[in-house]
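The values are calculated or read from the model by the stated rules, or taken from the named source; none is laboratory data. The shown structure was predicted, so the numbers you read here are calculated from the model rather than taken from an experiment. FYI the Cβ positions are ideal-geometry reconstructions off the backbone, even for glycines, and counts take in every protein chain you see. Note: areas computed on protein heavy atoms with side chains; ligands, DNA, RNA excluded. Shrake-Rupley method; radii C 1.70, N 1.55, O 1.52, S 1.80 Å.
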Amino acid sequence: MTLRRSPSVRLVSLAFALVCTAAVHFTVAAHLGALDALWLAAAAFATLGVSFVRYERRQPRQLELSPEGVACYDDAGRTLFQGRIVGAAQWAERLLVLAVAGADARRPTALIVAADAVDAAVFRELAVRGRNGA
């Protein structure tokens, strides 16, 4: 299955970055002035933007479900992680967080799946597997 980039996650991340940028600007402007605050606010926005781009690049693009668990692959087809689902948390039918325990990992890896990143049937199947694995 192909995982799409979630428009909801992108929108919420942009809103978060804008709120943080405004907070930096207003806080620094009270102490150093509005002009100096613009530079620091721009730096904060750029840092958050770079962090989000790095986050998106690390996200899996392919998802494979098997009786043993789940496997996730990047754009080039390399395995990012695989293992059995050992736990799950779901928020308002919009976001699913699966804990995937690999054979060599000390602690489970979190797989975050937004509802708009996969088809509805796939999201339901992942939620059921997560509840059964927990």
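Residues whose amide H comes within less than 5 Å of that of Gly87, counting only those at least five positions distant or on another chain, are Ala99 (H built at 1.01 Å from N in the peptide plane).
Between the listed residues Gly33, Phe123, Ser8, the Cα displaced farthest toward the positive end of the dipole of the chain, a dipole computed from Cβ unit charges relative to the Cα centre, is found at Phe123.
Surface composition of the chain: carbon and sulfur make up 61 percent of the accessible area, probe 1.4 Å.
Sequence-ordered 3J(HN,Hα) estimates for segment 88-102 from the Karplus curve with 6.51, -1.76 and 1.60 and θ = phi - 60° stand at 7, 9, 10, 10, 6, 6, 10, 9, 10, 10, 10, 9, 10, 9, x Hz, glycine and proline given as x. What segment 65-131 shows is 61 Å² of accessible area per residue, with the surface traced by a 1.4 Å probe over protein heavy atoms.
Between Arg10 and Thr27, the contour length at 0.36 nm per residue exceeds the Cα-Cα span by 3.6 nm. Consider the candidate values [x] 1.18; [y] 0.98; [z] 1.32; state which one is Cα Rg over 2.2 N^0.38 Å computed from the structure displayed. Recomputing Cα Rg over 2.2 N^0.38 Å here picks out [z].
If you average 1/r over all unlike Cα pairs in segment 60-117 and invert the result, what Kirkwood radius do you get in angstrom? Show your work: numbers first, answer last.
Details: mean 1/r = 0.0849 Å⁻¹.
About 11.8 Å, per the Kirkwood formula over Cα pairs.
A simple spin-label model places pseudo-atoms 7 Å from Cα toward Cβ; at Arg107 and Ser51 they are separated by 1.8 nm. State the answer as a single residue: which of Pro60, Leu98, Ala17 lies farthest towards the positive end of the charge dipole of the chain, with beta carbon charges of +1 for Lys and Arg and -1 for Asp and Glu, about the Cα centre. Comparing the listed Cα positions along the dipole, Leu98 ranks first.
Angle of helix 34-58 to the longest C-alpha principal axis of the chain, folded into 0 to 90 degrees and rounded to 10: 10°. Summing +1 for each Lys or Arg and -1 for each Asp or Glu among the other residues whose beta-carbon sits under 12 angstrom from that of Ser51 gives +2. Using only side-chain charges placed at the Cβ, +1 for Lys and Arg and -1 for Asp and Glu, the dipole size of segment 87-134 relative to its Cα centre rounds to 220 debye. Of the GluC sites (Glu not before Pro) found in segment 48-134, the ones in coil according to DSSP and having at most 10 other Cβ atoms within 10 Å of their Cβ are Glu68. From helices alone, the chain scores -17000 deg cm²/dmol at 222 nm; the rule is -39500 (n - 2.57) for each run of n ≥ 4 DSSP H residues, then divide by the residue total.
So between Val86 and Asp74, what do we pick up on full extension, going 0.36 nm a residue minus the alpha carbon distance? Kindly include the intermediate steps, with their values, before the conclusion.
Working: separation 12, 0.36 × 12 = 4.32 nm, distance 2.18 nm.
Gain on extension, Val86 to Asp74, equals 2.1 nm.
Each Lys and Arg contributes +1 and each Asp and Glu -1, all at the Cβ; summed about the Cα centre of the chain, the dipole is approximately 180 debye.
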